[in-house]
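K.L.:
Got a structure here, written out as structure tokens. Questions coming.
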Amino acid sequence: MGVTACAAGFCCADVYQNIGVFYPTGNGIDWGIHLARMGVPVSAVSVVGRDEYGDKMREALAAEGLDISHLRVEDGETSVMLMALKNGVDRVHLEAIDGVMETYRPDASDRAFILEHDIIHTDLFGNCLDLLPSWHEAGKTVVMDFSVFSQDPEYACEEYFPYVDYAFMSFERDTPELREWVRHVQSLGPRVAVATLGEQGSIAYDGERFHECGIVPAEKVVNTVGAGDSYIAGFTKGVIDGLDVPACMRAGAELSSRVIGSFEPY
């Protein structure tokens, strides 16, 4: 069967009411769809509401080949991010509706199912943080997206770094201070700590040296939403394929370049 992957935690529907467009998303969902399209068996462990968006999300993810047997359906609203598209290119976040994600917790069956997978992806918002030690103890490869919050005291990320194998963080630019932080993060446990830097590309530290990777220019930039998630997916596929860190970074940059040329984040 090969390596299996699980996106555990947060999911939501991005809804563009002014143009009648919807798509299922969330850091792990985007990551999982990319991997599924590259032939990796992927499961989604999360929750949707008993509403139209919940039905559409389950339908869309199943169509992408994801295992949705543990994408729970609960009474209430599916988590939704209301968006708008202005001037044909500018994306505006209007309102976040937590819905059933607010109280979601993986139950015993979900937790056991997650541990059946080789690689597990999560983030700060899927109510799975207390499960990180058990994933680590079980020898799973944990991929975590800390987004722009890795240094934010509110999220206490230093508590979680020891249980993560590949830590991804987002920043605006490369600085000596950032490199010290990335080095510090890796020293707490991750095999590799990665900082994505938008148009500056990315840097990664593996405990021995820093690696740098520039962007892969896109023919046309339609949407930067999902660029980070696609980078992580490309990098993860590189890990699955046994590539070294620079090649994993390149794989992430190449996939990200393709994604920003399309409307949806995958």
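K.L.:
Among all residue pairs at least 6 apart or on different chains, which show Cβ distances below 6 Å where the first residue, located in segment 40-56, is open to solvent by 40 Å² or more (accessible area, probe 1.4 Å) and the second is modelled with pLDDT under 95?
P.N.:
Matching pairs, first to second residue: Tyr53/Ala13.
K.L.:
Just for segment 241-266: of the residues that are surrounded by fewer than 20 Cβ atoms within 10 Å (Cβ to Cβ), modelled with pLDDT of 95 or more and among the hydrophobic types (A, V, I, L, M, F, W, C), which one is nearest to Gly39 (Cα to Cα)?
P.N.:
The extreme case among them is Leu243.
K.L.:
Follow-up question, since we're still on this one. Mind checking whether some residue in segment 141-148 is polar (S, T, N, Q), at positive phi and surrounded by fewer than 21 Cβ atoms within 10 Å (Cβ to Cβ)?
P.N.:
Among the residues of segment 141-148, at least one is polar (S, T, N, Q), at positive phi and surrounded by fewer than 21 Cβ atoms within 10 Å (Cβ to Cβ), which makes the answer yes.
K.L.:
Of everything in segment 106-119 that's touching a residue at least 40 places away in the same chain (Cβ under 8 Å) and under 15 Å from Ile68 (Cα atoms), which residue is surrounded by the fewest Cβ atoms within 10 Å (Cβ to Cβ)?
P.N.:
Glu116
K.L.:
Taking strands (runs of 3 or more DSSP E) that do not extend beyond segment 1-105, which have at least 2 residues that are at pLDDT 95 or above, over 20 Å from Ser147 (Cα atoms) and of a type outside the set (A, V, I, L, M)? Give the steps one after another, and end with the answer.
P.N.:
Details: elements: 5-8, 12-16, 21-25, 42-49, 71-74, 80-86, 90-97.
Fully inside segment 1-105 and qualifying: 42-49, 71-74.
K.L.:
Name the residue that is nearest to the chain's Cα centre (by Cα), counting only residues in segment 1-24 that are farther than 15 Å from Arg111 by Cα and among the small types (Gly, Ala, Ser). Break it down into steps so the answer makes sense when it comes.
P.N.:
Our first condition is that a residue be farther than 15 Å from Arg111 by Cα; within segment 1-24, this holds for 1-4, 11-24.
Next, from what is left, pick out any that are among the small types (Gly, Ala, Ser): 2, 13, 20.
On the way: Gly2: 21, Ala13: 15, Gly20: 25 Å.
Result: Ala13.
K.L.:
Does segment 120-140 hold any residues that are part of a strand (DSSP E or B) and either of a type outside the set (A, V, I, L, M, F, W, C) or surrounded by fewer than 22 Cβ atoms within 10 Å (Cβ to Cβ) (or both), and which are they?
P.N.:
Hits for segment 120-140 are His121, Thr122, Asp123.
K.L.:
Of Ala227, Ala167, which residue is crowded, with 16+ Cβ neighbours inside 10 Å, within 23 Å of Cys11 (Cα to Cα), modelled with pLDDT of 95 or more and of a type in the set (A, V, I, L, M)? Let's see the steps before the verdict.
P.N.:
Details: Ala227 fails: modelled with pLDDT of 95 or more.
Answer to the check: Ala167.
K.L.:
Go through (1) free of Cβ contacts under 8 Å to residues at least 40 places away in the same chain; (2) crowded, with 19+ Cβ neighbours inside 10 Å; (3) not in a helix (DSSP H, G or I) one by one and return the number of the condition Asp174 breaks.
P.N.:
In the conditions (1) free of Cβ contacts under 8 Å to residues at least 40 places away in the same chain; (2) crowded, with 19+ Cβ neighbours inside 10 Å; (3) not in a helix (DSSP H, G or I), Asp174 misses (2) alone.
The values are calculated or read from the model by the stated rules, or taken from the named source; none is laboratory data. Everything quoted here is computed from the prediction, not taken from an experiment. Here the Cβ is made from the backbone with ideal geometry for all residues, glycine too, and neighbour counts use every protein chain on show. Areas reflect the complete protein model, heavy atoms only, side chains present, ligands, DNA and RNA absent. Shrake-Rupley method; radii C 1.70, N 1.55, O 1.52, S 1.80 Å.
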